[in-house]
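Q: Here's a structure for you.
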Amino acid sequence: MQRENPVATTTTTAPPRQPDEADVAVLVFSQTLELALVAVYDAAITGGRLDPAHAALATLFRSHHLEHAQAIASAAGKSSKNVANKAIIRKFVAPVGAATDQNGVLLALFQAETSAAATYGQALGQLKATDSASTVASIHPVEQRHAAVLARAIGLNPADYLLPFDGDAKMALAPSSYAIEG
Amino acid sequence: MNNVSDHVTSGTPLDRRRFLVVGGFSVAATAVLAACGGGGTKTRVSQAGLTTETTALPDRVLSDTVLLRTASSLERSAIAIYEKALGMGLLAGDAATFGKLFQERHRAAAAFFDAQTTALGGSPMSTENAAVTKNIVTPAFLAIDASSDKAGDLRNLLHSLENVITETYQSFVPLLSTPALRAAVMSVGGAGAKHSALWASIIGGVVAPSLLPVVAPTTTVKGAVEIVTVPVFQAPTAFASMGLVPTLLNGKKVDFDLLGSNSYAY
């Protein structure tokens, strides 16, 4: 007797492991995003608004983004630009500079991290190569953790930043809007 | 295990002379057995001990729908764990707020994965994950029942649960066949990472190991009772890990496994 199979069987072709040209473009943009975040944290750290504990926190998160940039550069190979995305720097450094107190700086960093996480969510929906997707999937939850830590430090209402999974997709940074300069 | 590895691992490498002796015996033994076999007659060789009947392993095909059904079952386990934790009435303040909110998010995630499964032509998994029940829920709540710090242990369990969820979804990424499904699974995994960070914040975990305060080295006193600790961090590393998830329950360190192929909902 044949058992009912609750799982639909599909004939699938194994996804590629190595990135193609389109994947590399996503990775190249992601690396410029990470280097932009390093610059945003630099502005926060040197801006004089953070107390020592939060400056240490910012320094730690900055180091994470630098490591992310290095990992993505490794995945993208020779195509890596190794430059910070200037348009993204402008978007997030301006509110950091305009902040009049520590919470203002942390809020700008929170928005940058939320955007980065959302951007990686979109990237996962584009990357065909499993190796590249795995690299991004190891970074995406860390950006989410950064956002949660910053939100908690500011005292935001959890219901406002714990949106149902894809609720922050609109915060994603589209490569078409943040073209790599230089 | 074979002879060569036995000898190598025991520190007495198999030299060429001994190899030839062993090899020569094997050839001779094979010749004797062949001779005993006879020509066309098929006599059965007597056999000591019980014969075992074997059953073929069930067909287990790993597919996108299996992973999505597993995700549904994992979310239903999370809903049940939060239900039980909230029902104990020991979560207060931020812990109670997080507990209710996160349970709601897991309900939404279960419905999300159900819809994804249906869209692929599969039947959504409507029950909790059996492996999670056996390996996490049952032993954890037994430990918590026996604990002198039930509220603390509940928070530890919920923090570790979110890590198991996030890291399991991360492990699905290279297994799923399409980018859209990877994005769907990690959209929930990312939310789990936030939940984990927030649980860590109220457990008292610092953000990362590098931000721990520097403490003077301690001297171990002979006969002293060792206090078991499991460090908890909000953003422990630059890259999300996938491995055993440690937690502290009833004063003991317990490691939870991520869901692997033996725990999937086929």
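The values are calculated or read from the model by the stated rules, or taken from the named source; none is laboratory data. Predicted model, so just to flag it, every value in this text is computed and none were measured. All Cβ positions, glycine included, derive from the backbone under ideal geometry; neighbour counts span all protein chains shown. Keep in mind that these areas ignore ligands, DNA and RNA; they rest on the heavy atoms of the full protein, side chains included. Shrake-Rupley method; radii C 1.70, N 1.55, O 1.52, S 1.80 Å.
Q: With respect to the numbered conditions (1) under 21 Å from B:S261 (Cβ atoms); (2) touching a residue at least 40 places away in the same chain (Cβ under 8 Å); (3) in contact with a Pro (Cβ under 9 Å, 6 or more places away or on another chain), which one is the sole condition not fulfilled by B:R105?
A: Against the list (1) under 21 Å from B:S261 (Cβ atoms); (2) touching a residue at least 40 places away in the same chain (Cβ under 8 Å); (3) in contact with a Pro (Cβ under 9 Å, 6 or more places away or on another chain), B:R105 comes up short only on (1).
Q: Something else now. Going by the conditions given, is A:T59 away from chain B (no Cβ under 13 Å) and surrounded by fewer than 19 Cβ atoms within 10 Å (Cβ to Cβ)?
A: no
Q: Would you pick out the residues in the stretch B:115-162 that are under 11 Å from B:R69 (Cα atoms), surrounded by 15 or more Cβ atoms within 10 Å (Cβ to Cβ) and in contact with a Pro (Cβ under 9 Å, 6 or more places away or on another chain)?
A: B:Q116, B:T117, B:G122, B:S123, B:P124, B:M125
Q: I'm told A:Q126 meets every condition in (1) open to solvent by less than 10 Å² (accessible area, probe 1.4 Å); (2) within 30 Å of B:P174 (Cβ to Cβ) except one. Can you identify the failing condition by its number?
A: Looking at each condition in turn, A:Q126 falls short on (1).
Q: From B:Y264, B:Y169, grab the single residue that is at pLDDT 95 or above and more than 9 Å from chain A (Cβ to nearest Cβ).
A: B:Y264
Q: Please find, within the stretch A:65-108, the residue that is surrounded by the most Cβ atoms within 10 Å (Cβ to Cβ) out of those that are closer than 22 Å to A:R145 by Cα and more than 17 Å from the chain's Cα centre (by Cα).
A: Checked the stretch A:65-108; the qualifying residue surrounded by the most Cβ atoms within 10 Å (Cβ to Cβ) is A:V105.
Q: Of the residues that sit in the stretch B:116-139 and are hydroxyl-bearing (S, T, Y) and part of a loop (DSSP other than H, G, I, E, B), which one is farthest from B:P179 (Cα to Cα)?
A: Among those residues, the one meeting the criterion is B:T127.
Q: List every residue pair whose Cβ atoms sit under 6 Å apart, with the two residues 6 or more apart in sequence or on different chains, where the first one lies in the stretch A:132-147 and is in a helix (DSSP H, G or I) and the second, anywhere, is charged (D, E, K, R) and buried (at least 24 other Cβ atoms within 10 Å of the Cβ).
A: Close Cβ pairs (under 6 Å, with a partner that is charged (D, E, K, R) and buried (at least 24 other Cβ atoms within 10 Å of the Cβ)) amount to A:A133/B:R182; A:E143/A:E113; A:Q144/B:K194; A:H146/A:E113; A:A147/A:E113.
Q: Take the residues in the stretch A:131-143 that are open to solvent by less than 10 Å² (accessible area, probe 1.4 Å) and at the interface with chain B (Cβ under 7 Å from one of its Cβ atoms), then tell me which one is farthest from B:I202 (Cα to Cα).
A: In this case the residue turns out to be A:A133.
Q: I would also like to ask the following. Just to verify a result, which residue in the stretch A:146-176, among those that are open to solvent by 70 Å² or more (accessible area, probe 1.4 Å) and over 16 Å from the mean Cα position of the chain (by Cα), is nearest to A:Q122 (Cα to Cα)?
A: A:S176
Q: Can you pull out the residues in the stretch B:60-87 that are open to solvent by 60 Å² or more (accessible area, probe 1.4 Å) and either more than 25 Å from the chain's Cα centre (by Cα) or closer than 17 Å to A:F165 by Cα (or both)?
A: B:G87 - this is the single residue of the stretch B:60-87 that is open to solvent by 60 Å² or more (accessible area, probe 1.4 Å) and either more than 25 Å from the chain's Cα centre (by Cα) or closer than 17 Å to A:F165 by Cα (or both).
Q: What's the number of the condition A:T10 fails, among (1) more than 11 Å from every other protein chain (Cβ to nearest Cβ); (2) surrounded by fewer than 20 Cβ atoms within 10 Å (Cβ to Cβ); (3) at pLDDT below 95?
A: The failed condition is (1).
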